[in-house]
Each structure stands twice: as C-alpha cells, then as structure tokens.
Amino acid sequence: DQRTVRIDIGGMTCANCAATIEDAVSDIDGVGEVSANYATDEATVAYDPERVSVSAVFDAVESAGYDPIAET
Ligand code: 9UX
C-alpha cells in the first residue's frame, strides 16, 4: 500500500529548488510521486512504507541542500 506524507521544507526559494527536491526524493526506491512547492514550502510524497521510511525521505531532502522541518 502507498501512503502519502506532507513535509514542511525550509530553504526553497524558486521553482528549481522544488524540482531539485522532486528529483532527489524520486530517486529513492519505494517512493512514488513527489510534488514540491516552493510557494507553500511543502512537499507531498507518495511512498511504500514497507520499502522506505519517512526519515529516509528527510535525509534525501537534507542531502539535496534543503531543510526538512516536519510532517504536517
Ligand atoms: Mo535557483 Mo532555488 O538558484 O535555490 S534553484 S533559487
């Protein structure tokens, strides 16, 4: 089953930032559709909880240079 998590993210200042996050998080095995929005400082991530943890998603956001703040 897929779940969806919404994450507050700091540090996005343009649409390219959002695209960078989408690419980084999409690369994780077990992650489905990713939508990041710099205007709302949020990303929505579909994932399979049997294959990937939310903390792995946070790590990928951080590695991409942004600040994952919290699930909302
Ligand atoms: Mo454009 Mo967003 O340089 O960091 S990708 S502001």
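Observations
- Largest first, the three principal axis extents of the alpha carbons in the chain are 32, 21, 17 Å in whole numbers.
- Rounded to whole Hz, the Karplus (6.51, -1.76, 1.60) HN-Hα couplings of the range 56-72, x for glycine and proline: 5, 5, 4, 4, 5, 4, 5, 4, 6, x, 10, 10, x, 9, 6, 6, 10
None of the figures in this text is laboratory data; all of them are computed from the coordinates on show. Note that this is a predicted model, so its numbers are computed, not measured.
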